[in-house]
Structures are given as C-alpha cells and as structure tokens.
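A short write-up of the structure that comes next.
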Amino acid sequence: MQVWYVAYGSNMHAARLGWYIGGGCPPGGMRTYPGCRDRRPPSRSVPVSLPGGIYFAGESGAWTGGMAFYDPHLPGEAAARGYLVTLEQFTDIAAQEMYRPAGETDDLARTTGVAIEAAIADGRATLGPGRYETLVCPGSHSGVPMLTFTAPEGASGVRCRPPAPTYLGMIARGLRESHGWPAERIAGYLAVRPGVADAWPPDAVAALVTEALVER
C-alpha cells in the first residue's frame with residue numbers, strides 16, 4: 001500500500017526528509033535519525049494546499065524553538081508537500097516524528113494501520129497523546145490517501161512559541177522547492193503564522209527568508 005505523507009514543516013525540503021529516510025543528523029540539527037527500514041526515496045512528490053493553517057508551539061528537540069503543527073480550523077490554506085511512500089516508510093517516519101524507540105516499530109505498525117483506516121474514514125485518528133501523534137487525512141490525491149501528523153490541540157488551545165531561525169529557514173527552502181514561490185510570498189506566508197507573528201517583525205522574516213534561499 002502507498003500513501004501520501006504530507007509535510008507542512010521542515011520536511012517540505014526533500015533533503016531534510018532524506019534524513020528521516022536514510023538516517024543521520026542534518027546540518028544545523030541536534031538529533032540523529034535512525035532512518036527507515038526501506039531507504040528508497042519517495043517515488044513522487046507534489047505540492048498541495050490543505051484547508052487551515054500552521055502554527056508554532058512547544059520545544060523542538062532537533063532545532064530548539066517552536067515546532068510547526070497543522071490546524072485545519074485556522075483560516076486560509078496551509079502550503080504543504082506530498083511524498084508518495086510505502087506504508088512501511090510512513091510508519092517509520094511516524095515513529096521518528098513521535099520519538100518512539102526503535103523497538104516499538106512492530107507495535108506501531110499495527111496501531112498505525114488501524115489509525116490510518118480510522119483517519120481515512122473519519123478524517124482524524126489518534127495514535128497517542130503526544131506531539132505529532134494525531135493523524136489527519138485531509139483528502140486524497142490521484143486516488144491515494146493523504147496523511148499528516150499534528151498535535152491534538154489546535155492553535156487556540158496552546159501557547160504559541162517562535163521557531164528557531166534555522167528551522168524557519170528550512171521551511172522557507174521547502175516552500176521554494178515544492179511550490180516555487182518567490183521570496184516575498186514565502187516571507188508573507190510565514191510572517192503571519194501564530195508563533196511567528198508576535199515574535200518576528202515582517203522585515204526580519206523577509207531577511208531570514210532571503211538569506212535561507214541563497215544558502216546551499
């Protein structure tokens with residue numbers, strides 16, 4: 001079975017997702033990933049737009065600062081990227097997002113399969129109480145279900161927190177890579193996200209985006 005893993009944060013950047021698949025520690029990161037059992041790259045990727053928006057909250061163990069979460073109840077649309085992966089790869093990406101120990105993979109595979117069926121039927125399912133343990137199915141693309149992870153609470157139920165510059169820059173590069181947006185549109189999109197809007201002046205976001213897009 002294949003599914004679209006829908007990324008709306010730093011994993012919109014294909015090289016960043018590559019660390020989840022192939023394992024290792026990305027430049028600027030603070031965490032080493034075990035990778036997927038199946039280390040083949042996604043067979044396809046597509047730009048997608050989800051109803052709702054993203055917000056930043058919590059504390060990232062990989063970047064410090066707030067993490068990106070998807071809230072389908074926010075106004076507007078969330079820019080995202082769908083990667084066509086196997087169910088096994090999706091399960092392994094999920095385990096790494098959830099900071100699950102490697103030994104829990106088999107059990108997680110069983111519970112993820114049940115949750116996927118529930119999410120496809122109802123639009124939402126829960127794998128656990130933690131961050132990225134809420135599974136959302138915002139629809140399908142080319143007849144294949146789209147699946148993403150988020151927190152159980154929406155933006156209105158948490159204290160939003162600004163992301164680290166490195167993390168926000170990675171998201172900016174992912175937006176350019178997946179959607180082809182110019183710097184001005186990327187900066188405008190990020191500057192109004194909860195967690196960014198109250199902490200980063202628009203000109204500071206614009207400067208960060210410009211710098212991030214010229215980095216290699």
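Brief remarks follow.
- The helix-based estimate of mean residue ellipticity at 222 nm for the chain, built from -39,500 (n - 2.57) per DSSP H run of four or more residues and divided by its residue count, is -11000 deg cm²/dmol to the nearest 500.
- Extended-chain gain in nm, criterion 0.36 nm per residue less alpha-carbon gap, Thr32 and Ala118: 27.8 nm
- Here Val214 and Ser43 are evaluated by their C-beta separation; at R0 = 25 Å the FRET efficiency comes out at 0.25.
- Carbon plus sulfur fraction of accessible area for the stretch 71-216, probe 1.4 Å, in percent: 53 percent
- Gain upon complete extension [Ser140, Cys25; 0.36 nm per residue less C-alpha separation]: 38.2 nm
- Radius 12 Å from Cβ of Gly130, net charge of other residues (Lys, Arg +1; Asp, Glu -1): -1
- 3J(HN,Hα) along the stretch 124-137: 7, 8, 10, 9, x, x, x, 5, 6, 9, 9, 9, 10, 10 Hz, from the Karplus curve 6.51 cos²θ - 1.76 cosθ + 1.60 with θ = phi - 60°, whole Hz, x for Gly and Pro.
- Per residue, the solvent-accessible area of the stretch 1-139 (1.4 Å probe, heavy atoms of protein chains only, all protein chains present) comes to 40 Å².
- The heavy atoms of Met30 offer some 130 square angstrom of accessible surface to a 1.4 angstrom probe.
- Sites Thr111 and Asp203, calculated FRET efficiency, Cβ-Cβ separation with R0 45 Å, nearest 0.05: 0.50
- Cα-based Rg and Dmax for the chain, where Dmax is the largest Cα-Cα distance (Å): 16.0, 47
- Helix 202-214 axis versus longest C-alpha principal axis of the chain: approximately 60°, rounded to the nearest ten.
The values are calculated or read from the model by the stated rules, or taken from the named source; none is laboratory data. All values reported here derive from a predicted model rather than from experimental measurement. Virtual Cβ from ideal backbone geometry, glycine too; neighbours counted across all protein chains shown. In case anyone asks, the SASA skips ligands and DNA or RNA and just uses the protein heavy atoms, side chains included. Shrake-Rupley method; radii C 1.70, N 1.55, O 1.52, S 1.80 Å.
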